[in-house]
Amino acid sequence: MDWIKLFSTEAEARDKILRDKPQLVILHGVRICLTLHQEKFYAVQDACTHNGTSLSKGNINFLGEIICPLHNYQFNLQSGRECNSRSRDLKTFPVKIDESGFFIGI
């Protein structure tokens, strides 16, 4: 696994990634939906497994699920699991924060 540095500090990440507002990042050609929910960062694949719609255009609900903007498929941010088992689960990416920066594992 490669750890890709995205931000220099956790504070910078919190300034750039707004709470419950999914954001697209592309690292080494991989589209990742990055979000901050209840003070924790999550990174999942950006494409809905149902039809490929960009999840970074979706919403986060109070349960910690990302909602696909097209057909409202719901995926758990932590596990990537589609909540109603209608589609494959999302790939999740680990997030690491330490004194040297904010990283996503690819």
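Here, each number is a calculation from the coordinates, and none is a lab measurement. Being a predicted model, the structure only gives us computed values, none of them experimental. Here Cβ is always computed from backbone atoms with ideal geometry, including for glycine, and neighbour counts include all displayed protein chains.
Counting only other residues whose beta carbon sits under 13 Å from that of GLN74, what net charge do I get with K and R as +1, D and E as -1? Mind showing how you got there, number by number?
Values: positive: ARG81, ARG86; negative: GLU65, GLU82, ASP89.
Result for the neighbourhood of GLN74: -1.
Contact order normalised by length for the chain, with contacts defined as Cα pairs under 8 Å and 6 or more residues apart; what percent is it?
Values: 230 pairs, mean separation 30.8, N = 106.
Reported as a whole number, the value is 29 percent.
Counting other Cβ atoms within 10 Å, which GluC sites (Glu not before Pro) in segment 4-40 have at most 14 and lie in a DSSP loop?
Of the GluC sites (Glu not before Pro), the ones in loops of segment 4-40 whose Cβ has at most 14 other Cβ atoms within 10 Å are GLU39.
State, in angstrom, two size descriptors of the chain derived from its alpha carbons: Rg to one decimal place and Dmax to the nearest whole number.
Using the Cα atoms of the chain, the pair Rg, Dmax is 13.0, 40 Å.
Would you look at the GNM of the chain, springs on alpha carbons closer than 10 Å, and say which of GLN38, GLN74, GLN23 moves the most?
Among GLN38, GLN74, GLN23, the largest GNM mean-square fluctuation belongs to GLN38.
May I ask you to evaluate 6.51 cos²θ - 1.76 cosθ + 1.60, the Karplus curve with θ = phi - 60°, for each residue of segment 3-19 and list the ³J(HN,Hα) values in order in whole Hz, giving x for glycine and proline?
Rounded to whole hertz, the list is 9, 9, 6, 9, 9, 6, 9, 5, 4, 5, 4, 5, 6, 8, 9, 7, 4.
Applying 1/(1 + (r/R0)^6) with R0 = 22 Å to the Cβ-Cβ distance of ILE106 and LEU24, what FRET efficiency is obtained, to the nearest 0.05?
Working: r = 15 Å, r/R0 = 0.68.
It comes to 0.90.
For LEU90, enumerate residues with amide H under 5 Å from its amide H, sequence gap 5+ or separate chain, H modeled in the peptide plane.
Under 5 Å from the amide H of LEU90 lie the amide H atoms of ARG81, GLU82, each far enough along the sequence or on another chain.
Once Lys and Arg get +1 and Asp and Glu get -1 on their Cβ, which of HIS37, ASN76, VAL95 lies farthest toward the positive end of the dipole of the chain?
Looking along the dipole axis, the top candidate is ASN76.
Once you have the Cα-Cα distance between SER54 and SER79, take 0.36 nm times their residue separation minus that, and quote the gain in nm to one decimal.
Numbers: separation 25, 0.36 × 25 = 9.00 nm, distance 1.81 nm.
Net length gain for the segment: 7.2 nm.
Every cysteine in the chain with no other Cys Cβ under 4.7 Å from its Cβ, please list them in numeric order.
Unpaired cysteines in the chain: CYS33, CYS83.
If I take R0 = 30 Å and measure r between the Cβ atoms of ILE97 and HIS71 in this structure, what FRET efficiency does the formula 1/(1 + (r/R0)^6) give, to the nearest 0.05?
Values: r = 33 Å, r/R0 = 1.11.
Efficiency at R0 = 30 Å is approximately 0.35.
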